[in-house]
Structure formats: C-alpha cells, structure tokens
Amino acid sequence: MKITYYLLAAAMCLTFYSCKIMSPKAYKALIAERDSLTNRTETLETQVFQLRADTMRLNRELADLRNNNSTLNSHLSTSSSKLKRLAADLEKREARLKEVEDILRKRDEAANALKNKLQQALLGFQQSGLTVDIRNGKVYVSLADKLLFPSGSIVIDDKGKAALKQLAAVLNKEPDINMAIEGHTDDKKVLNLGQIKDNWDLSVLRATSVTRYLTETEKVDPHRLTATGKGEFQPIDSAPTNEARAKNRRIEIVLTPKLDELYNLITK
C-alpha cells in the first residue's frame, strides 16, 4: 500500500505543477495514466496477497502429506512386524500340529497292532461272546458274562480263566498299555444274591474279580489296571429283549496306549 501512496503523491505534485503549464488535454491524459497505474498497482498487490495465501496453503498441505506419509510408513512398519510374528507363530503351530498328528498316528498304529495280536490270541473264544474292536484310538476287549461267570455269580469259571490267561499273555508283553476293567449288567434287578444288593454291586464286584485274577494269578502289573462298575447305564442294546440284555451283561477291558509323549506335548 505504501507504493500506492507514493505514486499518488507524486502524481498530485506533478498535476499541481503541470496545471499551470499543461493544456487541458495533456492534463486529462496524465490523470488517466495515473488512474491506470493505481489500478495496476492494486491488482499486483491483490495478486501478491493471493500468492502468499496460496503459498501458506500449499505449505500446510505439504506438511500434512509428510505427516500422513510418516504415519503410513509407521503403519506399514507395524503391519510388517505383525505379519512376521503371525508367520512365525503359524510355523510353530504347524510344527506342533505335525508332532501331535505323528503321535496320534503312532497311537493308532499301536492300537491296530494290539488288536491284531489279541484277535489271534483269543481266536478260540470269539464264538463264546468275545469281541475285539477299536474305538477312539482304544482297544476294547468285550467278554460276555456267560464266558466268565456262572449266572448271578462273581466267581470266574474255568472257561473265563482260560480266556483271561490268553489275554494276560499278550498284555504282559505290552508294558506301555494301560487297562480299565469295566463291569456292565442288564437292566433286570438283582434278586436273592446275598451280599450283592443291586446292579452297581454286581458290576463292581465282577470287574474286581477280573482285576484280581489278572494281577494275582497272571501277574499283570496292578499299576496298569483300574476296576470300575457301570451297572446297567451303558448298554450296547437298549431293546427290552433277552437278546439285548445278554449283550449288555459283559466285562469290557479297555486298553489304552500310554501317551506320555502326547501328554507332555499338550501341556508344554
């Protein structure tokens, strides 16, 4: 704005001086030139102001872009680090999964091998109500009550002892197998059996009889055995028929390979 004032003052002085010597036409031309110069000056000042405002705006935008770029780089760095951690964790999990799968495969192979040995050893008793099968990686040897006990008794008969002797011969060669001896009954109420009050008692005492025979007579390590009674509450066949009840009266010997390796892996 100072430039404008100086120019106007100069123009006024020139005008005042020239009024005495200039013609009216020359004077008008001088005034027109002065006005034109003033307008151009104001236009230039406006442009300067606008340029300064644009410069400030561009500087702010540039600063914002730099900040955004810095933030983006930080995010990219964080994402890259997280991705590396996830990849490393995934690699560990895959390795762990492979270990578990290998152990479970070994378990299944051991269970199948044991099943085959037992089937061969107990082949002569399979017509008398003995079965061997695999469920959930465990080998189940199921012996019908008629193969082991007289009706209503908890004392193992000679045929039952012969079957258990063959079973023990295999199990004594397999020290890494744990055993659960489970007694099962049908749903008919126990009557006139003296000390045996109900099916719970009958199932427990029969399981205990088998356990005692295996440990005391056949010298199976007692630390490997557990005796339990299930009563009538885990039937094979729930139909109310004599055939179904005969299936349900049984001793099941559940053979489980020791999975210390798997247990240690899971509890790491």
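Please report how far the C-alpha centroid of the range 75-93 lies from that of the range 149-170, rounded to the nearest whole angstrom.
Between the Cα centre of the range 75-93 and that of the range 149-170, the gap is 61 Å.
Principal axes first, then extents: for the Cα atoms of the range 194-248, list largest minus smallest coordinate on each axis, whole Å, largest first.
Principal extents (largest minus smallest coordinate, Cα): 39, 25, 15 Å.
Efficiency by 1/(1 + (r/R0)^6): what FRET value for residue 157 and residue 112, r their Cβ-Cβ distance, R0 = 45 Å, to the nearest 0.05? Please list the in-between numbers first.
Working: r = 31 Å, r/R0 = 0.70.
The computed FRET efficiency comes out at 0.90.
Per residue, how much accessible area does the range 53-176 show when a 1.4 Å probe rolls over the protein heavy atoms, in square angstrom? Don't skip to the answer; put the middle values down first.
Details: 8400 Å² over 124 residues.
Result: 68 Å² of accessible area for each residue.
Build a GNM of the chain with springs between Cα atoms under 10 Å: which of 208, 241, 185 gets the top mean-square fluctuation?
Maximum fluctuation in the GNM of the chain, among the listed residues, is at 241.
When you have a sec, figure out the Kirkwood radius of the chain from all distinct Cα pair distances and drop it here in Å to one decimal?
Roughly 27.0 Å, rounded to one decimal.
At 37 °C and 0.692 mPa s, what whole-number value in µm²/s does Stokes-Einstein give for the translational diffusion of the range 24-106, with Rh from the Kirkwood sum over Cα pairs? Spell out each step's value before the answer.
Working: Rh = 19.8 Å.
In µm²/s, the coefficient is 166.
For n ≥ 4 DSSP H runs only, could you compute -39500 (n - 2.57) per run for the chain, divide by its residues and tell me the 222 nm figure to the nearest 500? Numbers along the way, then the final one.
On the way: 7 runs with 161 residues, N = 268.
Theoretical 222 nm ellipticity from helices: -21000 deg cm²/dmol.
For the range 65-132, compute Rh as the Kirkwood radius over C-alpha pairs and then the Stokes-Einstein diffusion coefficient at 4 °C and 1.567 mPa s; write the answer in µm²/s, rounded to an integer.
Numbers: Rh = 17.0 Å.
Translational diffusion coefficient: 76 µm²/s.
Beyond 27 Å between alpha-carbons counts as too far, so tell me which of 165/258; 138/173; 92/138; 189/258; 161/230 fall in that bin. Kindly include the intermediate steps, with their values, before the conclusion.
Working: 165/258 22 Å; 138/173 17 Å; 92/138 29 Å; 189/258 37 Å; 161/230 22 Å.
Violating the 27 Å Cα-Cα cut-off are 92/138; 189/258.
Where in the chain are the DSSP H helices whose C-alpha atoms run 27 Å or more along the long axis and whose mean Kyte hydropathy is at least -1.0? Each step should come with its number before you reach the end.
Details: long enough: 24-121 (142 Å, -0.93).
Those that clear 27 Å and a mean of -1.0 are 24-121.
Out of 229, 194, 129, any idea which swings most in a Gaussian network model of the chain, alpha carbons joined below 10 Å?
194
State the antiparallel share, in %, of DSSP beta bridges confined to the range 166-253, rounding to the nearest 5. Could you put the intermediate results ahead of the total?
Numbers: 4 of 9 bridges.
Percentage antiparallel, nearest 5: 45.
What is the percent carbon and sulfur in the accessible area of the chain, measuring with a 1.4 Å probe over the protein chains and ignoring ligands? Intermediate results must be reported in sequence, preceding the final value.
Numbers: 10150 of 18100 Å².
Taking all protein chains in place, the chain shows 56 percent carbon and sulfur surface.
So what is the diffusion coefficient of the range 123-260 in µm² per second by Stokes-Einstein at 37 °C and 0.692 mPa s, using a Kirkwood Rh over Cα pairs? The partial results should precede the final answer.
Details: Rh = 15.1 Å.
Value of D from the Cα-based Kirkwood radius: 217 µm²/s.
Rank-order 159-165, 77-83 by packing density, defined as the average count of other C-beta atoms within 10 Å over each peptide's residues, highest first.
Working: 159-165: 18.4, 77-83: 10.0.
The peptides rank, most packed first, as 159-165, 77-83.
The values are calculated or read from the model by the stated rules, or taken from the named source; none is laboratory data. No experiment lies behind these values; they were computed from the predicted model shown. All Cβ positions, glycine included, derive from the backbone under ideal geometry; neighbour counts span all protein chains shown. We work out accessible area using only protein heavy atoms, side chains counted, and drop any ligands, DNA or RNA first. Shrake-Rupley method; radii C 1.70, N 1.55, O 1.52, S 1.80 Å.
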